[in-house]
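A.B. asks: Below you'll find the structure I mean.
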Amino acid sequence: MFRNGTLAVAFGLFLAAPAFAGWQSEISQADAGRLEKIAEARTQGLAEAQGAAPADLSVIRSIMAVRSVPASSARLEGLWRCRQMKLGGVTPAIVYTWFSCRISVQDGIMKFEKINGSARTAGMLYPESGSLVYLGAMSVKDEPKHAYSGNRASAGAVTTPDDQVGVLSLLADGRAKLELPYPVQESVFDIIELKR
């Protein structure tokens, strides 16, 4: 679904269905819009990243150049080294240092967590056409872990600054990437690279 620009078509079919299952019943309308525009956000973020430092641009290109392969919990579960890349927006691009992430399965539910560093990320992963849809939230290390607000955004807001949506893909070289379109703050497109 997430290859060759077919996400928007398939996503439209999900929205037309009378009842949703999994991530479709959890996602807010605003976040559904962000997810539907993942290809647009990727293109814009990569274009703005062309002004980044050569070393950062090389890292970004290395993760984006590798093709995706079908993902499964067996291949993804466990501890990973991970680093975040922010493309576009406030600066052309920033590539952060390595931290630790974990993908786990608890009671049949797959979860993603960035477990150290000052900014933490955590959420659910939902299988979808060989990749996984991510619905999560960001928190700062001294805060309680935030949960994805989805259809329950607080105080009448359509989204919260902490909510994240994206697509996690397993790559042919054994790495994985989590792509986050149009984050609410700072950037146009975020990537979290995962490496064993």
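A.B. asks: Determine the distance separating the Cα centre of segment 114-133 from the Cα centre of segment 74-95; give it in Å without decimals.
C.D. replies: The distance from the Cα centre of segment 114-133 to that of segment 74-95 comes to 11 Å.
A.B. asks: Please state the shape class of segment 21-113: rounded when a/c is under 1.5, otherwise prolate if a/b exceeds b/c and oblate if not, all from the C-alpha gyration tensor. Mind showing how you got there, number by number?
C.D. replies: Values: a/c = 2.18, a/b = 1.36, b/c = 1.60.
Cα axes put segment 21-113 in the oblate bin.
A.B. asks: Got a sec to turn the phi values of segment 101-111 into Karplus ³J(HN,Hα) couplings, 6.51 cos²θ - 1.76 cosθ + 1.60 with θ = phi - 60°, whole Hz, x for Gly and Pro?
C.D. replies: 10, 9, 10, 9, 10, 10, 6, x, 10, 8, 10
A.B. asks: I would also like to ask the following. Among the aspartates and glutamates, which fall within straight-line cross-link reach of Lys195, defined as a Cα-Cα distance under 16 Å, with same-chain neighbours fewer than 8 residues apart omitted?
C.D. replies: Glu77, Glu113, Asp173, Glu179
None of the figures in this text is laboratory data; all of them are computed from the coordinates on show. Fair warning: this is a prediction, and the values are worked out from it, not measured in the lab.
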